[in-house]
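The values are calculated or read from the model by the stated rules, or taken from the named source; none is laboratory data. Everything numeric in this text was worked out from a predicted model, so none of it was measured. As a convention, Cβ positions derive from the backbone with ideal geometry for all residues, glycine included, and neighbour counts pool all protein chains shown. To get the accessible areas, we keep the full protein, side chains included, count just its heavy atoms, and leave off ligands, DNA and RNA. Shrake-Rupley method; radii C 1.70, N 1.55, O 1.52, S 1.80 Å.
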Amino acid sequence: MLEQEKWHQVILANAADLSELAESIILEDSLDEIAYRASFRMVVTPDVYKLKIAPGQSIAISAPLPDQPKKATLFSGGVWDITSEDRGVKHLMITVYERTIQIAKSEDEYLFPAGQTAAARLKKYAADWGIPVGKFEDTGIPLAKALYRPQTIWSMIQSDLKETAKKGGAMFRPRMTPSGLVLYKIGSNRFVWVLELMEEIVQRRTLEGAVTQVKVLGKQEENKRTPVLAVVKGETSKYGTLQKVLQDDKLKNAAQAKTAGQKLLTGIQETITVSGPDINEIRAGDRVILNNMGLIVTSVRHTLGTPGKMTLELANENYVRRRYFLD
């Protein structure tokens with residue numbers, strides 16, 4: 001890994017430089033959320049008072065990437081929350097989100113015809129919320145007709161992406177880039193980092209979340225019990241019966257139900273947490289290599305600095321598919 005420059009540039013409202021005022025800068029990304037988050041802590045000085053930092057103001061963070069010396073934008077968003085704390089010395093804690101926080105917090109309802117792809121629907125959501133869209137590949141899988149009653153836009157996007165994966169498509173997640181919102185294919189990062197010199201590696205193996213039997217239900221009818229299309233068994237003799245119920249109106253027969261149920265069977269769950277020197281371009285959904293294993297980043301916390309630190313939650317691709325796209 002190339003040595004990074006010893007500073008990060010933080011710009012408020014395209015004008016004021018906060019780089020020397022911020023005591024700490026943390027970036028957090030997760031497959032559970034759509035919006036990248038930045039957190040700042042700074043001492044309140046006369047210079048900070050003059051800035052009159054307020055919710056809605058833009059903040060951008062740039063730094064050299066570890067594999068190239070030229071500065072690049074790591075984060076760009078708007079101030080969401082400001083908390084002041086006075087323990088003899090007054091501090092400000094500032095939380096900043098990417099623009100995609102708007103579709104995580106906003107609710108609406110939509111009716112989509114059959115045959116659209118998740119990519120086409122994402123462009124519609126983004127257009128309605130005034131979020132610029134970059135160039136990205138189509139997800140390629142035609143979706144069923146969808147009537148989304150009032151719920152968050154993010155939950156609709158998740159439903160579209162889950163249906164895409166369930167029908168044999170790739171796993172995607174929305175991601176803001178300097179060119180706009182794109183659909184990022186999980187594990188498709190241009191450079192796969194080999195994690196070396198990690199300070200701590202914690203491996204967890206658990207039956208929490210395991211599924212050894214799946215009961216698959218068909219279309220629900222009023223005043224009738226939902227028909228059982230299939231009961232798919234896994235390692236019940238080894239781990240006991242840990243049952244999940246799958247109800248899907250789109251499943252028409254026992255063969256389809258069995259295929260869908262098989263995908264949800266899972267035994268021991270394994271995740272790995274690593275901490276070590278920061279690689280500031282790693283995002284949730286990226287592929288990395290640890291001890292010769294290809295793993296997917298499910299969450300990341302970057303503590304920027306000289307040197308910076310990072311903490312990654314990692315899992316294999318099958319775990320990611322079950323946990324985030326087949327649930």
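Things to note:
- Taken together, Arg99, Arg87 contain a single residue that is open to solvent by 30 Å² or more (accessible area, probe 1.4 Å) and more than 23 Å from the chain's Cα centre (by Cα), which is Arg87.
- One residue stands out among those in the stretch 55-67 that are in contact (Cβ under 8 Å) with a residue 24 or more places away in the chain and open to solvent by 40 Å² or more (accessible area, probe 1.4 Å): the one that is farthest from Gln9 (Cα to Cα), which is Pro55.
- Screening the stretch 96-123 for residues that are part of a strand (DSSP E or B) and either of a type in the set (Phe, Trp, Tyr) or touching a Gly at 6+ places or on another chain (Cβ under 7 Å) (or both) and picking the one that is nearest to Pro55 (Cα to Cα) gives Val96.
- Qualifying residue in the stretch 116-134 (condition: within 20 Å of Ser299 (Cβ to Cβ) and of a type in the set (Val, Ile, Thr)): no
Residue by residue, here is whether (1) over 30 Å from Asp286 (Cα atoms); (2) within 27 Å of the chain's Cα centre (by Cα) holds:
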| site | (1), (2) |
| --- | --- |
| Trp193 | no, yes |
| Val202 | no, yes |
| Arg205 | no, yes |
| Gly209 | no, yes |
| Leu217 | yes, no |
| Tyr239 | yes, no |
| Lys250 | yes, yes |
| Asn253 | yes, no |
| Lys258 | yes, no |
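- Residue within the stretch 13-35 that is open to solvent by 40 Å² or more (accessible area, probe 1.4 Å), on the phi > 0 side of the Ramachandran plot and touching a strand residue (DSSP E or B) at 6+ places or on another chain (Cβ under 6 Å) present: yes
- Residue within the stretch 279-288 that is open to solvent by 10 Å² or more (accessible area, probe 1.4 Å), farther than 30 Å from Val232 by Cα, modelled with pLDDT of 95 or more and not charged (D, E, K, R) present: no
- Identity of the residue in the stretch 266-276, modelled with pLDDT under 95 and in contact with a strand residue (DSSP E or B) (Cβ under 8 Å, 6 or more places away or on another chain), that ends up nearest to Leu74 (Cα to Cα): Thr271
- Applying the criterion of being crowded, with 17+ Cβ neighbours inside 10 Å and touching an Asp or Glu at 6+ places or on another chain (Cβ under 7 Å) to the residues of the stretch 36-46, the residue that is nearest to Met93 (Cα to Cα) is Met42.
- Ile82 vs. criteria among the β-branched types (Val, Ile, Thr) and surrounded by 19 or more Cβ atoms within 10 Å (Cβ to Cβ): no
- Here Tyr49 passes the criteria (1) out of contact with any His (no Cβ under 7 Å at 6 or more places or on another chain); (2) over 14 Å from His302 (Cβ atoms); (3) crowded, with 18+ Cβ neighbours inside 10 Å except the one numbered (3).
- Pairing each residue of the stretch 304-327 that is farther than 20 Å from Thr206 by Cα with any residue that is surrounded by fewer than 18 Cβ atoms within 10 Å (Cβ to Cβ) and hydrophobic (A, V, I, L, M, F, W, C), provided the two are 6+ apart or on different chains, yields C-beta distances under 8 Å for Leu304/Ile26; Thr306/Trp7.
- Any hit, the stretch 213-228, residues being assigned to a strand (DSSP E or B), surrounded by fewer than 17 Cβ atoms within 10 Å (Cβ to Cβ) and in contact (Cβ under 8 Å) with a residue 12 or more places away in the chain: yes
- Lys105 vs. criteria without any contact (Cβ under 8 Å) to a residue 40 or more places away in the chain, of a type outside the set (A, V, I, L, M) and open to solvent by 80 Å² or more (accessible area, probe 1.4 Å): no
- Scanning the stretch 158-210 for residues that are touching a helix residue (DSSP H, G or I) at 6+ places or on another chain (Cβ under 9 Å), in contact (Cβ under 8 Å) with a residue 60 or more places away in the chain, surrounded by fewer than 20 Cβ atoms within 10 Å (Cβ to Cβ) and part of a strand (DSSP E or B) turns up nothing.
- Restricted to the stretch 258-327, the set of strands (runs of 3 or more DSSP E) holding at least 3 residues that are closer than 27 Å to Trp154 by Cβ comprises 269-277, 293-304, 309-315.
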